[in-house]
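The values are calculated or read from the model by the stated rules, or taken from the named source; none is laboratory data. In this text the structure is predicted, and so the values were computed from the model without any measurement. Because the Cβ atoms are built from the backbone with ideal geometry, glycine has one as well, and the counts that use them run over all protein chains shown. Calculation scope for accessible area: heavy atoms of the full protein, side chains included, ligands and nucleic acids excluded. Shrake-Rupley method; radii C 1.70, N 1.55, O 1.52, S 1.80 Å.
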Amino acid sequence: MYKRHLKCLILSVFAIVASWPLPAQHDFTLHDCITYSMENSHHVKLLKLNGGKAFIEVTESKETFIPSLLLSNQNNLSTGRVLDPTTYQYVTNRSVYDMSTAIGGSMTLFSGFERPNNVKKAKLNLQAALLETEKTKNDIALNVTALFLNIVLDKEAIEICERKISMLEEQEKAVLKKLEYKVATPGDLLNIQADITKAKVELASAQNNLNLDKVSMCELLEIDDWESFDITTEDEDYEAVEPRLWCISDIVSSAFQLPQIKQTEIAIDIAKRDVNIARSSFWPTVSLNAGYGSTFSNARARTGGEAYNFRDQFRDNMSSYVTLSLNIPILSAITTSNNVKQKKLACTRAEYELTQAKLALDKEVKQAIVNANTSYEKYTLLETEVNKCREALRQTQAKYDAGAATYYDYQIAVGNLFQAETQRLQSKYEYIFRKKIIEFYAGKSL
């Protein structure tokens, strides 16, 4: 009885949980899409690993200033005719155990400023790796923004197609009534039905474009379920399309702070460090070595044959050394000189690349501003064109309803209106995207 009641209770709980409404699918805003792509992009994660590697290289370059320290212990067991390492005399017909223990260290005192330059170069490489990650994030953000706006455009294009189909279907009903009173001809009905079919084909094409853009967005965000993916424009107002006045010099100055320009500037500093590192081979190298150790052998005895215990022998055999070495390069000067010349050429090349990068970015900014202004002009002209086509369709429909115009006239008016609306929609989102690019150049976050 207890088990049966427990079973009924469990089934009731499952039934209640199953009856709960599922949470609504989360719709992504533009900010959500960009944030999600930054957090889940494997390319960004890979670049972060490169940054971690560069950080380790900085640590390794600093460790070259730390003296190396080595503790060694060697144990030997020999039989037969054996050389005693403590007396340098041969011992025969017995087993000899000997041990040597030493601690030593070495340190480079001077190497022509190579090590400080290596540390500075490693730090610059770390900055370059971090900037590469930032640049990649910016590229992803731009791609996400473009796809997001394409999806918004696709949705509005679908609305235009649906509105066109709805208008034509209403007109089809009117033609059917006219046929009853023999005011319209069967040809008119066939023509409008053909137009409805064409409009539905356009709708299917627009829906296909939406699905393709959703697939592309999900691939970029690394989301598997593209069918349930959707966006929302609650955080942005895409209805108000207003002109902007752009200050080219300010935008260019701000664009020069982008990661790709900073990377090129750092490349010049790295090239200069390479020149200094190459020059360090002209300098002599000064190094210091020191050590301390002792030995023990069971074959050794005191004078008179008295046993020589481990403690006394290890203490008496203590020794130490200090070595100061100086290495002066003589015949390597020609190789070093050629290496320095190559590094100088690389430095000059990096300076030219910075100039080219700035010129290219300056051109991109100016082209973006020109394109944005052109897109806005197209939008305003097409806005006027849409209003004219809408009024023309209204007058043509009134004439067609009164029998003063043919269906061909009505068909042309409908086609002109929806073609103008489609072109206006394209120019609208072209302007919005170009405006966002300019704002990005100006330092505004996407």
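The order of 297, 205 by accessible area, most exposed first and with a 1.4 Å probe, is 205, 297. Phi angles across segment 383-394 convert, under the Karplus curve 6.51 cos²θ - 1.76 cosθ + 1.60 with θ = phi - 60°, into 3J(HN,Hα) values of 4, 5, 5, 4, 4, 5, 5, 5, 5, 5, 5, 4 Hz, Gly and Pro given as x. Exposure check, 1.4 Å probe, all protein chains in place: residue 383 carries approximately 60 Å² of accessible surface. Using only Cα atoms, tell me the angle between helix 259-279 and the longest principal axis of the chain; keep it within 0 to 90° and round to the nearest 10. Taking Cα atoms only, the helix is inclined about 20 degrees. Taking a ≥ b ≥ c as the square roots of the eigenvalues of the alpha-carbon gyration tensor, segment 278-318 is classed prolate because a/c is 1.5 or more and a/b outweighs b/c. The share of accessible area on the chain that comes from carbon and sulfur is 56 percent, using a 1.4 angstrom probe. Can you give the relative contact order of segment 169-321 as a percent, counting alpha carbon pairs under 8 Å and 6+ residues apart? With pairs under 8 Å counted, the relative contact order is 11 percent.
Estimated at the nearest 10 Å², the accessible area of residue 195 is 20 Å² with a 1.4 Å probe. Rounded to the nearest 5, what is the percent of antiparallel bridges among the DSSP beta bridges in the chain? Counting DSSP beta bridges with both partners in the chain, the antiparallel share is about 95 percent. Considering helices alone, the calculated mean residue ellipticity of the chain at 222 nm is -24000 deg cm²/dmol, with DSSP H runs of length four and up weighted by -39500 (n - 2.57) and normalised per residue. In terms of packing, defined here as the mean over residues of other Cβ atoms within 10 angstrom, the peptides 433-441, 402-410 line up highest first as 433-441, 402-410.
Which option, [x] 29.5, 99; [y] 24.6, 84; [z] 41.0, 146, is the value of Rg and Dmax of the Cα atoms in Å that was calculated from these coordinates? Computed from these coordinates, Rg and Dmax of the Cα atoms in Å corresponds to label [z]. The overall shape of segment 18-145 is oblate: from the C-alpha gyration tensor, with semi-axes ordered a ≥ b ≥ c, the ratio a/c is 1.5 or greater and a/b is no larger than b/c.
For the set 388, 272, solvent exposure ranked by accessible area (probe 1.4 Å, protein chains only) runs largest to smallest as 388, 272. Remark: for residue pairs 62/436; 123/341; 155/388; 121/358; 214/358, the C-alpha separation exceeds 32 Å in 62/436; 214/358. In the context of the full set of protein chains, the chain has a per residue accessible area of 62 Å² (1.4 Å probe). In terms of its C-alpha gyration tensor, segment 191-249 comes out oblate, because a/c is 1.5 or above while a/b does not outweigh b/c. The heavy atoms of residue 253 offer some 70 square angstrom of accessible surface to a 1.4 angstrom probe. Near the amide H of residue 29, within less than 5 Å, lie the amide hydrogens of 232, all on another chain or at least 5 residues away, with H placed in the peptide plane.
Straight-line cross-link partners of residue 344 among the aspartates and glutamates, defined as a Cα under 17 Å from its Cα and at least 8 positions apart when in the same chain: 114, 265, 269, 274, 353. Set the Förster radius R0 to 56 Å, insert the Cβ-Cβ distance between residue 90 and residue 341 as r into 1/(1 + (r/R0)^6), and round the FRET efficiency to 0.05. For R0 = 56 Å, the calculated efficiency reads 0.40. Using θ = phi - 60° in the Karplus curve 6.51 cos²θ - 1.76 cosθ + 1.60, the 3J(HN,Hα) couplings for segment 203-208 round to 5, 5, 5, 5, 5, 5 Hz; x is entered for Gly and Pro.
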